[in-house]
Amino acid sequence: MLKMNIDDIDKSKFTPMMQQYIDIKKDYRDAIVFFRLGDFYEMFFEDAYKASRELEIALTGRDAGQEDRVPMCGIPFHAYATYAEKLVNKGYKVAIVEQVEDASKAVGIVKRDVVKILTPGTITEGGISDRDNNFIVSIGQAMKTFVLSYADVTTGEIYLTSLKTLDLLFNEILVLKAREIIVSNDFAPDILKTIEKNYQIVISYENNKVIPEYLNKLVSDIEDKYIDTVGILLNYVLLTQRRELHHLQKVVFYQSEDYLRLDPFTKRNLELTETLRQGQKNGSLLWLLDKCQTAMGSRMLHTWIDRPLVDVEKINRRLDYVEAFNNNYIVKEEMKNALKTIYDLERIVGRISVGNANAKDLVQLRRSLSNVPSIKELVKQLEVSDSISLSDKIDPHTDLFILLERSLVENPPLTIKEGQMIKEEYNKELDEIKDIVKNSKDWILKYEEDEKQRTGIKGLKVGYNRVFGYYIEITKSYLSMLPEDTNYDRKQTLANAERFITPELKHYEQIVVGSAEKIEKLEYELFLELREVCLKYIESLQELANYISTIDCFVSFSEISMKNRYVRPEFVLNREVTIINGRHPVVETILQSEYVSNDVIINKFNNLLITGPNMSGKSTYMRQLALIAIMAQIGCYVPADIAKLSIFDQIFTRIGASDDLISGQSTFMVEMMEANYAISNATKNSLILFDELGRGTSTFDGMALAQAIIEYVHEKIGCMMLFSTHYHELVELEKTLKRLKNIHVDAREVDNGVVFLHKVLDGGADKSYGINVASLAGIPKSLIARSKQILNSLEESNVMSGVKLDLFNFDAFESEPHNIEEEKAYAIKKEIENIDVNRLTPLEALNILYELKNKL
């Protein structure tokens, strides 16, 4: 097969169709071109090799005028979205080529052109989670700051911010989970190299910065220095969608200081939107709080968690609504039922704007609008100061609802060119044509009866098939009875019958078949008119979607708060935290046993030094404080009996250890980089959580670094910090640092083991229980015994170098008789664990208790 670069091809040697493909491909070199031919999209040359490999489909060839066949692979046009999604997820762009003129009117080869370009950031169908945004970003520079603009093409949202440092820019891009970045050709190449090296993000180029006139309203409030960055984003989106986009919303400008800033390390360590180990939503804070009834509400909640508020007045306004729903169970339940019938208005509007909406989309819009009046009324019943004004802002779109109610059937087909969408009595012309088709059966029956009487042939039948249309069928036994003066024209001979047509039958067939085509064409035109009407309501429908999403989040917060006994947080002006019986919201939900709650008291002590053994709950305690602060600042109730908090501007964490294998950085390097980011960016109003910092190097190095970091934060930054450590020597710092307080997680040593009490108490821990934890993990007993021997010698000599002891006989230790009492206790423990208490009768429980006592 012919294998060559598109630039090396002499198109004059190919067929007109292949010449057309080559011309289009040269304009879209960075995309795989899906070239529509009949019922298939076909790919040629290098595109065919790439697509066949990535999609695992057969590579074939096509005759195209050359002696060698052109490499080709193809996919069914009706299933293209699935294949395109796979390519886009692998970082490719896909250009969709369709016929753009009526084939019946074409002179020569029918004209084809690109109608849409699918890219990672602009794909609008297939592969997009209903409850997540798909942001595409553009970056630029203005004076000494970086400019970041980003949009979700499916919802029309557009945001803009400025960032002072490159780290902040990268962090914001990572938080957004952007899959594609748009830059102009003159953007700093060294920054792009960093992005390409460290992040799997597609970089695309757009140099047109002039915003189309009809979109100028989107940037009417934006400073001129930011316009270029927004301009390349909008022009790239328009280039890929190949049409005007009326659903794009006004650009929302914000400063990062307007929200509680959470860098990617913190979001990952706190498992805000996905878990640390498996990257799943289940087990994250978002998973716990997302009881939203609508996809729009879930996306808004995700945004709230990404950007918690710092404005106390706005936070309390959200909390007022949560409290109102808590106090009015009936209204909340009615609101939940109403929200369940609301479809994804944002994305329906998006599909209307790009011309992808079908009749089912408009029916879903109608169903949603049918419940807006009840939502409007329920909001008014809430005991909140501005609930009536909020209710007044909710537009039920009565006129649009009435129009859609009059026009569309309840269950229309997915396609919009096959009819069966429009209700009766909506359009007089359509009703008249439908009557012709509906009455055709009666006409055929009457015609058949008339022909039977005229010919005297009782076995005469009128039938229909798609090949011959309408026909008269007479079995051969009746043929002799056919009068000679009939105007029957023989059409087909069967084994035992003959089929005929007549001028009357042919004329009627043309009427019926023509009517069916007219119905489909007229319904299609009427539907396009409906969609055009919906376009006029785009802006107000987006406002409606925003109000409904907000209410949905309030209901979700109320639902989870009531279920889990959360309390309303209070905010104090001074830098203090008083949390009584606080709990980690996610761990508490997942934990099978009873959760041990803990207080967090930070007043004059801005820094807490936490000691205690591994597995005792130090990390959970630290995360608990951060999550309670975040929940409070998004306007949700929190897991505690009492929660009084100051407003944090940033939260930084270094929790857990993991090598960065991609960039070849060790655990210690990663933790130092994360620590540096926190120390460099924290203010006195920030919260820092450091978990066992310095453990990735030698003991003395680690201890020295840990102490220096504690002192630096204490003296230079002055913010709140929780610092957990196994370096017990650091508890002495409490004597010299006036705002440092020692606390520890309690544990008890019992029978050579350890029991974790998970209770946080004042003072420092006196030991680490590391050997006890190793024993719980199943480390061989002889190894544990040797560890204790070495530990005793280290403690006696107070020297950290290797300890010289007599050679330990591991085999002899293992051959010693086992502790029978220990084995018996272990066996009984396993029995108790396997008992299903919920299925026991009182008598069975007493019998089991009696048997266990006898065994003891």
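The values are calculated or read from the model by the stated rules, or taken from the named source; none is laboratory data. The structure displayed is predicted, hence computed values, not measured ones. In this analysis, Cβ positions are derived from the backbone assuming ideal geometry, glycine residues included, and neighbour counts consider all displayed protein chains. Heavy atoms of the whole protein, side chains included, go into the accessibility calculation; ligands, DNA and RNA do not. Shrake-Rupley method; radii C 1.70, N 1.55, O 1.52, S 1.80 Å.
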Residues (over 14 Å from Ala95 (Cα atoms) and either modelled with pLDDT of 95 or more or assigned to a helix (DSSP H, G or I) (or both)) located in region 27-49 = Phe45, Glu46, Tyr49
Within region 492-506, which residues are of a type outside the set (A, V, I, L, M, F, W, C) and surrounded by 17 or more Cβ atoms within 10 Å (Cβ to Cβ)?
-> Glu498, Arg499, Thr502
Give just the number: which of (1) of a type in the set (A, V, I, L, M); (2) out of contact with any Lys or Arg (no Cβ under 6 Å at 6 or more places or on another chain); (3) in contact (Cβ under 8 Å) with a residue 40 or more places away in the chain does Ile457 not satisfy?
-> (3)
Which of (1) within 18 Å of the chain's Cα centre (by Cα); (2) surrounded by 21 or more Cβ atoms within 10 Å (Cβ to Cβ); (3) not in a helix (DSSP H, G or I) is the odd one out, the single condition Lys291 does not satisfy?
-> (2)
Residues located in region 457-472, provided they are more than 15 Å from Glu509 (Cβ to Cβ) and surrounded by 17 or more Cβ atoms within 10 Å (Cβ to Cβ) | Ile457, Leu460
Filtered residue count, region 92-126, keeping only those that are part of a loop (DSSP other than H, G, I, E, B) and polar (S, T, N, Q) = 3
Those strands (runs of 3 or more DSSP E) lying entirely in region 567-656 with at least 2 residues in contact with a His (Cβ under 6 Å, 6 or more places away or on another chain) = 607-611
Any hit, region 544-560, residues being in contact with a Cys (Cβ under 6 Å, 6 or more places away or on another chain) and among the hydrophobic types (A, V, I, L, M, F, W, C) | yes
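Rundown of residues vs (1) assigned to a helix (DSSP H, G or I); (2) closer than 30 Å to Asn546 by Cβ, yes/no style:
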| site | (1), (2) |
| --- | --- |
| Ser385 | no, yes |
| Pro396 | no, yes |
| Gln420 | no, no |
| Tyr426 | no, no |
| Lys452 | yes, no |
| Gly463 | no, no |
Long-range neighbours under 8 Å by Cβ, at least six apart or interchain, first residue without any contact (Cβ under 8 Å) to a residue 60 or more places away in the chain within region 242-261, second assigned to a strand (DSSP E or B) | Tyr259/Leu309
Among the residues of region 72-81, is any in contact (Cβ under 8 Å) with a residue 12 or more places away in the chain, farther than 21 Å from Leu118 by Cβ and either over 38 Å from the mean Cα position of the chain (by Cα) or part of a strand (DSSP E or B) (or both)?
-> no
Do we have any residue at all in region 13-25 that's open to solvent by 30 Å² or more (accessible area, probe 1.4 Å), in a helix (DSSP H, G or I) and hydroxyl-bearing (Ser, Thr, Tyr)?
-> no
Quick one: which residue in Arg277, Arg318 is at pLDDT below 95, surrounded by fewer than 20 Cβ atoms within 10 Å (Cβ to Cβ) and within 23 Å of Thr589 (Cβ to Cβ)?
-> Arg277
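Condition (residue is modelled with pLDDT under 95, among the hydroxyl-bearing types (Ser, Thr, Tyr), over 26 Å from Thr266 (Cβ atoms) and not in a helix (DSSP H, G or I)) applied to region 195-203: is it met by at least one residue?
No, because not a single residue in region 195-203 is modelled with pLDDT under 95, among the hydroxyl-bearing types (Ser, Thr, Tyr), over 26 Å from Thr266 (Cβ atoms) and not in a helix (DSSP H, G or I).
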Residue check: is Ser129 polar (S, T, N, Q) and part of a strand (DSSP E or B)?
-> no
Given Asn371, Asn358, Asn427, Asn337, which one is out of contact with any Phe, Trp or Tyr (no Cβ under 6 Å at 6 or more places or on another chain), in contact (Cβ under 8 Å) with a residue 24 or more places away in the chain and more than 27 Å from His247 (Cα to Cα)?
-> Asn427
Do you know which residues across region 150-202 are open to solvent by 20 Å² or more (accessible area, probe 1.4 Å), acidic (Asp, Glu) and under 30 Å from Glu543 (Cα atoms)?
-> Glu157, Glu172
Does Arg53 count as of a type outside the set (Asp, Glu), open to solvent by 40 Å² or more (accessible area, probe 1.4 Å) and outside any helix (DSSP H, G or I)?
-> no
Got at least one residue in region 566-589 being without any contact (Cβ under 8 Å) to a residue 40 or more places away in the chain, open to solvent by 20 Å² or more (accessible area, probe 1.4 Å) and over 25 Å from Leu378 (Cβ atoms)?
-> yes
